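Reading through the structure tokens given below for one structure.
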Amino acid sequence: MNRQNSLKAHQTAILTATVVSIVLWFVPFLRWVTVPLQYLNTHIHEACHALTAVATGGMVDHIQVHANCNGETYTAGGSEFLISSAGYVGASIVGALIMVLAKNGRAAKGVLIGLAVVMGYSLIVWVRQDVFGIASAIAWIAALVAMAIYLKDETRHWVAQFVGVQQCVNSVQSLFFLVKISGFGVRQSDAGNMQAATHIPALVWSILWCLVSFAAMGFALSISWRGESKTPGSPESKWAP
């Protein structure tokens with residue numbers, strides 16, 4: 001393989017860490033290792049529901065994030081179609097934006113602080129009632145700000161892109177689970193809400209959202225990593241093998 005087209009060390013590390021996180025997620029007695037990332041994804045997922053509700057003329061009563069990492073957003077009015085779709089698709093879009101915007105260590109600092117601000121807004125305005133949701137939001141806000149301030153540029157760059165990838169990956173993992181429960185009608189879900197609103201089977205929506213998550217992740221990585229290859233003088237060049 002042409003050296004110019006090969007993956008850099010930090011890119012390989014992101015992909016390797018992502019594969020490991022997926023494996024851990026599917027192993028019951030090891031899944032607890034991914035709980036912090038699951039909390040982050042749930043907060044972003046529910047915030048996307050809430051923001052879409054407001055953007056489409058609705059109101060948000062509150063958000064709950066539970067100890068089992070599941071979440072619920074209580075809304076009134078707005079576009080049911082867009083609100084129900086916004087959780088999984090929104091998390092993937094947020095992940096893609098993080099990857100594209102965190103093009104180097106300095107940019108990653110702003111991205112991490114921006115994400116902390118969004119989570120802080122959601123915590124103050126919407127997150128209510130469940131102590132796990134409040135505590136996990138505070139912990140992630142503190143962690144994001146600390147990483148933005150104290151990590152070195154190359155490490156901060158890697159962390160920001162890993163967080164972005166995890167948003168897409170966690171959405172994909174959630175969607176695989178959603179496909180399973182939607183296919184058997186086990187419980188209420190975003191896909192179930194879409195089925196009620198459109199009369200299109202929940203399984204179809206689940207598969208569609210899964211494809212969107214894959215596409216968003218692949219597109220964002222290709223844009224981000226192609227941009228890195230064009231800036232050999234940046235701090236990230238030290239990651240090159």
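General remarks:
- Solvent-accessible area per residue, Å², over segment 4-72 with all protein chains present [probe radius 1.4 Å]: 49
- Shown for segment 86-168: the carbon plus sulfur share of the solvent-accessible area, taken with all protein chains present and a 1.4 angstrom probe, equals 74%.
- Packing-based order for 162-170, 48-56, using average beta carbon neighbours within 10 Å, highest first: 162-170, 48-56
- Overall, segment 1-127 carries a charge dipole of about 800 debye about its Cα centre when +1 sits on the Cβ of Lys and Arg and -1 on the Cβ of Asp and Glu, all other atoms neutral.
- Among 147, 59, the sequence by solvent-accessible area, most first, with a 1.4 Å probe is 59, 147.
The values are calculated or read from the model by the stated rules, or taken from the named source; none is laboratory data. Predicted model only: the values in this text are computed from it and were never measured. Glycine gets a Cβ as well: all are built from the backbone with ideal geometry, and neighbour counts include every protein chain shown. Calculation scope for accessible area: heavy atoms of the full protein, side chains included, ligands and nucleic acids excluded. Shrake-Rupley method; radii C 1.70, N 1.55, O 1.52, S 1.80 Å.
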